Structure formats: C-alpha cells, structure tokens
1. Tell me which residues, restricted to region 274-316, are over 26 Å from residue 79 (Cα atoms) and touching a residue at least 60 places away in the same chain (Cβ under 8 Å).
2. Taking residue 62, is it within 27 Å of the chain's Cα centre (by Cα) and either modelled with pLDDT of 95 or more or open to solvent by 40 Å² or more (accessible area, probe 1.4 Å) (or both)?
3. Taking into account only those residues within region 245-267 that are in contact (Cβ under 8 Å) with a residue 12 or more places away in the chain and in a helix (DSSP H, G or I), which is surrounded by the fewest Cβ atoms within 10 Å (Cβ to Cβ)?
4. Could you check region 312-327 and list, in sequence order, the residues that are open to solvent by less than 60 Å² (accessible area, probe 1.4 Å), assigned to a loop (DSSP other than H, G, I, E, B) and not aromatic (Phe, Trp, Tyr)?
5. Mind checking whether some residue in region 160-176 is open to solvent by less than 60 Å² (accessible area, probe 1.4 Å), touching a residue at least 12 places away in the same chain (Cβ under 8 Å) and assigned to a strand (DSSP E or B)?
6. Test residue 94 against the stated conditions and say whether it is open to solvent by 20 Å² or more (accessible area, probe 1.4 Å) and not polar (S, T, N, Q).
7. Taking the options 50, 59, 27, name whichever one is free of Cβ contacts under 8 Å to residues at least 24 places away in the same chain and charged (D, E, K, R).
Amino acid sequence: MDLLKGQNNKLLEIFLMLYVLFLLTSKSALYFPMAGLAILAFSRLLKNPKSLYYPAFLKQLILFGAVLLCWQTITLVINGTPVETLGDPSRRMLYLFPLFVLPVIPINEEKDFALVRRTVSLLLMAVALIILLGVLQNALEIKYPFPKQPYNGKALVGFFGHHIDAGGFFSMLAILSLCLVLFWRKSRGINILLLLLSFIFLTGVFLSLARTYYISLLFIVPAVFARGNRRIAIIGLSAVIVFVLAVFILIPNIRERAFSVADLERNPSNLERLYIWKTAGDIIKEHPVLGIGFRQWRERFSDYSGKYASSWEFTEAALHHAHNLYLTVAAETGIVGLFLFMVFWAYLLMAIWRCTRSSPGGSFENALALGIFFGLLNFLIGGLFEDNLEKSVNISLISFLSGLVFFLHAGKTERPVQGECRDGKRFHADRE
C-alpha cells in the first residue's frame, strides 16, 4: 500500500509539472495532464471513498457551476443557435476541472505541502524565464527557434498569442509572488528571490502593454500592502512607485500607453470601446433575460452595431467581445446569466478567503491563498475593460492555483479515521 501511495505521489507530481508547462505553451496539450489528474482522482475514490474529505463549499460551487452551465445552454437553445454550439458551455467549464478534482487527491499532508511549493516554484520560474527571453529578444532583435515568439511586434505576449492574455497572466503572478514575499515566513535568500520575481512579473505586465492590468494593479498592489504592517507597506509602495517611475522615464512607449487610458477624444481604442459598450447596452435592452446566446457576440454584433456606423467604423477587435466582461456576459446570457456568473465567481472568492482564515499566519498556505484571492480580484477589476474571465488561459490559471489551495485545505482538514467509531458510525477526527 505504501509503495502504491508513493507511485501515486510521483504521478501526481508529474501531472502537475506537465500542467504548468503546457499551461504556458499549449492549450490543446493541457488535456493530457488533466486526464492524468482525473485518473488519479478516480483511483483515489475507488480505493477508500470513506476516507475522503471534500469541502462542503466546493460541493456548493459545483452546484452553482452546474446551474450556470445549464443557463448558458438554455440561452443557446432558445436563441436557435446551431446544434454544434450547444457544447460550448461544457467545453468552457472544462477549464475549471483542476479546481474541483485536485482536492480529491491529497494523501500525506507534509508531502502535499512540499509538492505544492515545488509546483508553484516551477510556475514562477518558468514564467520569469519567458519574460526574460522576451526582454532579451526585444533588446537584441533576435528570433528564437520556437513556433511562437515571446515578443510579438511591440508587445510581450509570452507564448499566449495575445498581449492582453499575457498581461493578465503576468499580473496574477506578480500579485502572488508579492504575497509570498509579504505573508510567508521563510529564509532571506528565498525572500530576495521572490522579490526579484515580483519585479520581473511587473516588468512583464508593463511590456505586455495591457492597459487593463495597469489599472487593476493600481488598486490591487496597495490593497496587498495594506494587509501587511504599516512600515512594510510604506517601504514596499515606495519601492513600487520608484520602479514604475523608472519604467515610465526609460521606456517612452509604455508611458504613452499608460497615459492613453484617459484619452477619450483621440485614442481610437478608447473611442471604439465606447461605441462597443453602447452596442452591448442596446443588446441587453432588447434581450434582458436570455441575451443573444452564450459566445454568440461575433455572430450577432453586426445586427446591433449598424446604428453607429455613421459615427464609427468598427475594427476586427469589436467582433471578439464587448471589451467589458460584465457587459459581454449580460449581452450573451442576459441579466440572469450575469447574476449566475457573478454568484459563481463571488463564491469562489469567498471560498479562497475562507482558506486564508483557516490557515496559520505566516504559513506558505496562507500566503498562497492570499495571493490567489487578490489575483482573482485583479481579474474582476480588469473585467471592466476586457473579457478576461471568459478566456481559457485565465480560467485555467485561476482554476489550477485555486485547486492547489483547496488541495492543501482538504489534505490537512478533518478526515474519518480508520477503525474509530462512535455510536457504530465512523466520525471525523481533527488532525490539527
């Protein structure tokens, strides 16, 4: 039995490492480690289902997700979309798979913590390497022998293909690494390394030219520091401000990109967003309950944008989404769909916060949960300008990191103890 557990631990580590690597490089290859995790979870259930602890809040989250999925499918059916589109909601929900399956797998608390630390370390180091490769490519104007180039045109895109996706990914890890610096008690060497990684990820956000995350970090970074003690908050914020000023002085195009956020008269991207938002508002007024159908924005946009054709010529970017997460969801699935969508993500946010409250201050688990909590807030703020929580790379990242938090939570929380009974029934004993 011990040998079997050891083999499962090795397989789990392999699948987690593969998930990290494929998350950064290939969306299609991501299904392989997901399938491996599914097999491990199923094996765990078959061996000893009575010893499994599965958090009640995750069961409730599954219910909310199922209701949301059903509503998204209903919007497609009632709007008469082609049959092949009916599987789109399920395919989108598949990216949340790690969130729900990882808490089934933990076996040994000590090994689980070590495994999560190694997994998070690989993620941080791999993304930092991609950013550094991009910086080097831009500085030396070289081309790597890769199918995708980390620097594409004027922006750093990593291997994600789009600079907004890259900006969201880098901003999440900037927040996570900052929380690990501030809220995890560790050696000075690790602290210095994490601090360096934080600035590398911030550099990645700036070089991605994703203004959405310039704005969201403007709110989230002070909020993270505010949770620490006052002295560290003052020092930390001062360092970040100096860093940002240095970036603006040394790299004019980033400065211009950041300041363009407030230009509502000449900046074409800003002006187009205003007309897209007006179009989304018109769609919501006409279809307040069911919307036009889940992920049907591209197919139906031209039906409603014509009234603004004399004032603005829309670009291809207008066909992707409403450039506002909440307007996109409301336009496609109605006010009901937006409500269900917000309930799901708000409940996930609350579940992560619950894990921060149940973990000891100064622990790796506490800092990890805080990083993901603030990182998800970062995406919710960024959703005011982008469709970020509808994109597979963002959902996959949040799902994976949240799943690791719940994996640790399930691994150290109450479980039935073999052979001990109370009134003829098995009972939960507090392992802490």
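1. none
2. Answer is yes for this residue.
3. In this case the residue turns out to be 253.
4. Result: 321, 322, 323, 324.
5. Within region 160-176, none of the residues are open to solvent by less than 60 Å² (accessible area, probe 1.4 Å), touching a residue at least 12 places away in the same chain (Cβ under 8 Å) and assigned to a strand (DSSP E or B).
6. Numbers: open to solvent by 20 Å² or more (accessible area, probe 1.4 Å): yes; not polar (S, T, N, Q): yes.
Here the answer is yes, as residue 94 does meet what is asked.
7. Going through 50, 59, 27 in turn, the sole match is 59.
Quick grid of which residues meet (1) in contact with a Gly (Cβ under 8 Å, 6 or more places away or on another chain); (2) part of a helix (DSSP H, G or I); (3) at pLDDT below 95; (4) among the charged types (D, E, K, R):
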| site | (1), (2), (3), (4) |
| --- | --- |
| 20 | no, yes, no, no |
| 38 | no, yes, yes, no |
| 43 | no, yes, yes, no |
| 69 | no, yes, no, no |
| 86 | no, yes, yes, no |
| 89 | no, yes, yes, no |
| 103 | yes, yes, yes, no |
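The values are calculated or read from the model by the stated rules, or taken from the named source; none is laboratory data. These numbers come from a predicted model, not from an experiment. Note: ideal-geometry Cβ built from the backbone for every residue, glycine included; neighbour counts use all protein chains shown. Accessible surface areas use protein heavy atoms only, side chains included; no ligands, DNA or RNA. Shrake-Rupley method; radii C 1.70, N 1.55, O 1.52, S 1.80 Å.
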